[in-house]
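What follows is a set of notes on a single structure, which appears directly below.
The values are calculated or read from the model by the stated rules, or taken from the named source; none is laboratory data. Fair warning: this is a prediction, and the values are worked out from it, not measured in the lab. Cβ placement follows ideal geometry from the backbone for every residue including glycine, while neighbour counts extend to all protein chains displayed. Heads up: the accessible areas ignore ligands, DNA and RNA and are worked out on the full protein's heavy atoms, side chains in. Shrake-Rupley method; radii C 1.70, N 1.55, O 1.52, S 1.80 Å.
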Amino acid sequence: MAVDSAGYLYIVESASGKVKVFSSSGTYSFAFGDAVSLSADLNIDGTDDGCAKCYPASVAVTYDEATGVDKIRVGYSVELLDADNNNAMIVTFDISGNAVSYMGTPFRSDDYEAVPANGELTKVIGLAGDSVGRIYAADNFSQRISVFSEEGVFLTALALDNIPNNVMAD
């Protein structure tokens, strides 16, 4: 769950496959981010394979002070057509719910012992953004926090001893 600069509340509803948006008074506004529009809007990782199923798992809002625009970041669990393992990616939406970019690469391996490379995501269960635009992704199966720049470039990974449940940043 996340709140934007105008007070709108973003709630991930995995069962429906959508992110639902509510006003600060609790009135339902609209929903976005369903698997069909995600597959159509983005060419995932430069291939034409798309995804069989994409489920939103987490949401964060970052505010770009230079442009005065909120960016909605949604972490997706992605079932790619050509891989059996867990995969994830982070999609950036504009304030109207249109997918505009993505960050992170879905981890592709049928070897359950394989370790994801830097920037590869397995299961994002928490997202946060800090005051300078960095995005922090709590990646469940890789047991780390992956850090990306505002533009989606992988910066670093914070290795953990256990599976993260969420992440927060200031």
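Return the pair list, or none, for Cβ contacts closer than 6 Å from residues in the stretch 60-79 that are under 17 Å from residue 152 (Cβ atoms) to residues that are open to solvent by 70 Å² or more (accessible area, probe 1.4 Å), at least 6 apart or on different chains.
63/5; 70/5; 70/63; 70/95
With respect to residue 87, determine if the residue is over 24 Å from residue 3 (Cα atoms), open to solvent by less than 10 Å² (accessible area, probe 1.4 Å) and either more than 11 Å from the chain's Cα centre (by Cα) or modelled with pLDDT of 75 or more (or both).
yes
Does the stretch 67-83 hold any residues that are of a type outside the set (Asp, Glu), open to solvent by 70 Å² or more (accessible area, probe 1.4 Å) and modelled with pLDDT under 80, and which are they?
81
I'd like the residue in the stretch 90-109 that is crowded, with 21+ Cβ neighbours inside 10 Å and not in a strand (DSSP E or B) and, out of all such residues, is modelled with the highest pLDDT.
104
Mind checking which residues of the stretch 1-35 are in a strand (DSSP E or B), in contact (Cβ under 8 Å) with a residue 60 or more places away in the chain and open to solvent by 50 Å² or more (accessible area, probe 1.4 Å)?
The answer is 30, and nothing else.
Does residue 42 satisfy the criteria of being at pLDDT below 75 and buried (at least 21 other Cβ atoms within 10 Å of the Cβ)?
no
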